[in-house]
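Colleague: Could you have a look at this structure, given as structure tokens, before my questions?
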Amino acid sequence: MQIQTFIIWAATAPRIPSTRLALHHFDTSYSLRLGALRPSVRAGLLCEQKYGALLNNFAAADHVPQELEPLNAADFVSEASQKAQQWQRGAAVGAAARGCQEGSGEGRTVMQAEMMAQAEMMAQAEMSPPLGASISSKIKCYTFPRGDITRFRPARPDSLGLLDYYLMDAASLLPVLALNVQPGDFVLDLCAAPGGKTLALLQTGFCGHLAANDISISRTKRLYQILHSYVPREVRDTVSVTSYDGRDWDQVKGGTFHKGAGAGSLLLQVLVDVPCTTDRHSATEEDNNIFHKRRTKERQMLPMLQLQLLMAGILAAKPGAEVVYSTCSLSPLQNECVVERALDIAEAQFNISIHVEDLSHFRTLFQDTFSFFSDCRLGELVLPHLTANFGPMYFCKLRRM
Amino acid sequence: MAARALLSGAGRALLPARALLPARALPAGPGPCPRRGCGEAAALRAAGFSQEQARRLLALQPRLGPEQREAAAAQLLLLGLSAEAALALLERSPALLRLPTERLRERAEELRRLGLDGGRLERAVRRSPQLLHVPRKRLRAAVRLLRERCLFTAEQLREVLGTCPAVLQEEPRTLHHQFQYAYFRMGVQQKEMVKARLFQTPFAELRNRHIFLERRGLYETPHKGQTQISNPKLKDILQLPEEDFLASLAYSTPEEYEVFKKLLAREEEEKEEEDVDALYAEDDDDLDSGGSETARE
């Protein structure tokens, strides 16, 4: 801000800007939790965020890697996938080595030893075999390396008019990767707008049918725009867009969604990416800021709304199905507390048993791209950091037993 | 004689390395010397320079007339500079020898009136030889700004000029901008600015360090004189070397700070472009309605 503008502002502005209220709220609410990390996180929130380029597999986009790789950008999903595969190989090697070389240090190369160490770490993290597969799903997303603040050029259409990539906070892909969509799965995206994660789900190519719901009609418009700009008609036909209040989902389930699903079909995967205080937006943008005085009630009711949406997602899932809960806030009240409360209610009121899936291996697999918080009670949290200014993004994976 | 000059200079801070070179042995008696130089060298020695120093002086601006050289050198001595300091100054800024002696005298008088006397003047001139070249108008404008707009006391002004003599060479607008930033944006008073030698730090560095702290939640602009946190002192913010600043004030790493500086530079660049665009937009309103369309893309 120019000095002159600042002086005038300081002298005449009657009310405190919402961004200032938001920041003050974050300073007081998060200081205990984040401790020594807070200055870095705060600076990250207040500086320009970093983007990733989600490749559009439906467009003719082969030029994109050729264009981006000389600039040092890389597909972080495939890098993580390679890492995961190395570990799996390492685990096999480790098992064999342990089997036939007990007690003898001979013949072990440095690389073998390293792979074994990592495999041990993975074993402790209860990595399940499908991890390698999920990470090697068809999602591709380019990011510039740590500390590199280069921006992507705007997306360009191919000859059919489909855009070559979608610029988004790369951390938003992590909940989608966690969901681990398998071929033919039915997927419910309960709060789908504006549509970045929905698009990512479609990029896997595995969605047998996708229900994209959002209560806000204006934001759903944006979702339609994204679908039309990125996805060809035959794939769009597998998506049903609805505008229900997500909390009422079980009441609509007899309707449109299942009509197309066919007999005996199961709802297998649910993404509940709830409305939240959108910390980064609230700290920097005045427009539509949830910390504005007139939205105080709405903001205070958020954890309740989030809990109700998560419960709706859990109830929509059948036994064996997975539910991923995500927010773009740092607040434990909107993150772990909501999940814990939902677990209690599911057990006590609905007799539903839920297992919290361990995603700690994500931290190791993606540590070169993102900055993770290491002390979540459950789920994982990407922290903004100047060298890797993605997030905030909280995500937690539940499996209905 | 050279040794004496050395000893007398020992009490002053930061002698140039040249001063510590061993003096050449003086000739035992009148020995061969260039015809031109002999008379001049004698005059310079009479003024107070050693044989060696005179030789060095003569090497500067060889085509200069002897009177000019002697007068300029003598004037510097009259200002209170030691022979070695005067010589060092002239070696760094030989153009000073060309200044009309009267100008030199006037300028020095002006500076002395501002409180830069004796040692302070010498230090100031040594640090910024250009000081003696500054047009009087500019000198006075800078002083007027600092006294009347920034409200530094006379004593504070002396201190500022002594520690940051380059302010007298700055555009008053730049000085004012930096002052206003510290005063309004950072809530710092004049006393602290003087202690922190505010004007020694380039504005970009001041802003980088301040905004870095502010965004990390470690510096707060006072509101009605109050802050929720206790701000680090401006002196520490500006005077600490970068790695100490990062470690003990900002709790950060060089890596993080490097990225921050790049991001901030880009923000500023884009803000300026916005401001320029806005300016052009205003101009467009003034254009004759029947006339040209500006390509404003």
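Colleague: Write down Rg/Rh for the stretch B:109-190, rounded to two decimals, with Rg from the C-alpha atoms and Rh from the Kirkwood relation over Cα pairs.
Modeller: Working: Rg = 12.3 Å, Rh = 12.8 Å.
With Rg and the Kirkwood Rh in hand, the quotient comes to 0.96.
Colleague: Which of the residues in the stretch B:209-240 lose at least 50 Å² of accessible area when you go from the chain alone to all protein chains together (probe 1.4 Å)?
Modeller: For the stretch B:209-240, once contacts with the other chains are taken into account, B:ARG215, B:ARG216 lose 50 Å² or more.
Colleague: With r as the distance between the Cβ atoms of B:THR253 and A:SER374 and R0 = 25 Å, compute the FRET efficiency 1/(1 + (r/R0)^6) and round to 0.05. Write out the running numbers ahead of the final one.
Modeller: Numbers: r = 18 Å, r/R0 = 0.71.
FRET efficiency, A:SER374 to B:THR253: 0.90.
Colleague: Still on this structure, I have one more. At a Cα cut-off below 16 Å, give the lysines reachable from B:LYS235, other chains included and same-chain residues fewer than 8 away excluded.
Modeller: Within the straight-line limit of under 16 Å, B:LYS235 reaches these lysines: B:LYS191, B:LYS195.
Colleague: Residue separation times 0.36 nm, minus the C-alpha to C-alpha distance between A:SER243 and A:THR150: what's the value?
Modeller: On the way: separation 93, 0.36 × 93 = 33.48 nm, distance 3.72 nm.
Result for the pair: 29.8 nm of gain on full extension.
Colleague: Same structure, new question: Could you tell me the calculated FRET efficiency between A:ILE345 and A:GLU67, based on Cβ-Cβ distance and R0 = 60 angstrom, to the nearest 0.05? Spell out each step's value before the answer.
Modeller: Numbers: r = 49 Å, r/R0 = 0.82.
Approximately 0.75, to the nearest 0.05.
Colleague: Let me ask you something else. Given the pairs A:LYS221/B:LYS271; A:LYS50/B:LYS261; A:LYS83/A:LYS397; A:LYS197/A:LYS221; A:LYS197/B:LYS271, which are separated by over 25 angstrom at their Cα positions?
Modeller: On the way: A:LYS221/B:LYS271 31 Å; A:LYS50/B:LYS261 15 Å; A:LYS83/A:LYS397 22 Å; A:LYS197/A:LYS221 15 Å; A:LYS197/B:LYS271 32 Å.
Distance filter (> 25 Å) returns A:LYS221/B:LYS271; A:LYS197/B:LYS271.
Colleague: Under 17 Å Cα-Cα from A:LYS318, which aspartates and glutamates qualify once same-chain neighbours fewer than 8 residues away are excluded?
Modeller: Counting by Cα, and skipping residues close in sequence, A:LYS318 has these aspartates and glutamates nearby: A:ASP185, A:ASP189, A:ASP248, A:ASP250, A:GLU347, A:GLU357.
Colleague: Something else now. Report which residues of the stretch A:33-47 become buried by 10 Å² or more of accessible surface when going from the isolated chain to the complete set of protein chains (1.4 Å probe; DNA, RNA and ligands ignored).
Modeller: In the stretch A:33-47, residues shielded by partner chains: A:ARG38, A:PRO39, A:SER40, A:ARG42, A:ALA43, A:LEU46, A:CYS47.
Colleague: Please state the relative contact order of the stretch B:147-248 as a whole percent: Cα pairs under 8 Å, 6+ residues apart? Present the calculation step by step, with values, prior to reporting the outcome.
Modeller: Numbers: 75 pairs, mean separation 25.4, N = 102.
Averaging sequence separation for qualifying contacts and normalising by length gives 25 percent for the stretch B:147-248.
Colleague: Oh, and also: Between A:ASP287 and A:GLN300, what length in nm is gained on full extension when 0.36 nm per residue of separation is reduced by their alpha carbon distance? Walk me through the numbers on the way to the answer.
Modeller: Numbers: separation 13, 0.36 × 13 = 4.68 nm, distance 1.89 nm.
Roughly 2.8 nm would be gained on extension.
Colleague: Chains A and B: what accessible area do they bury, summed, in square angstrom to the nearest 100, with a 1.4 Å probe?
Modeller: Values: alone 19130 and 17610 Å², together 34620 Å².
Between A and B, the summed buried area is about 2100 Å².
Colleague: Nearest 20 debye, what's the magnitude of the dipole of the stretch B:106-213 about its Cα centre given +1 on Lys and Arg Cβ and -1 on Asp and Glu Cβ?
Modeller: On the way: 22 positive and 12 negative charges, 21 e Å.
It comes to approximately 100 debye.
Colleague: A follow-up question, please. Amide H of A:GLU357: which non-local residues (sequence gap of 5 or more, or other chain) have their own amide H closer than 5 Å, using H built in the peptide plane?
Modeller: The answer is A:LYS397, A:LEU398, A:ARG399.
Colleague: Further question on the same structure: Keeping the other protein chains in place, figure out the carbon and sulfur percent of the accessible area of the stretch A:251-401, with a 1.4 Å probe.
Modeller: On the way: 3160 of 6190 Å².
Roughly 51 percent, rounded to a whole number.
Colleague: What distance in nm separates the two pseudo spin-label positions at B:ARG45 and B:GLU171, each 7 Å out from Cα along the beta-carbon direction?
Modeller: Here the modelled spin labels are 5.1 nm apart.
Colleague: Continuing with this model, one more query. Give, as ranges by residue number, the residues of the stretch A:146-182 whose backbone N falls under 18 Å from the point 7 Å along Cα→Cβ of A:SER216.
Modeller: Inside the label zone: A:168-169, A:172.
The values are calculated or read from the model by the stated rules, or taken from the named source; none is laboratory data. The shown structure was predicted, so the numbers you read here are calculated from the model rather than taken from an experiment. Reconstructed Cβ throughout: ideal geometry from the backbone, glycine too, with neighbour counts over all protein chains shown. When the accessible area is computed, the model is the full protein with side chains, heavy atoms only, and any ligands, DNA or RNA have been set aside. Shrake-Rupley method; radii C 1.70, N 1.55, O 1.52, S 1.80 Å.
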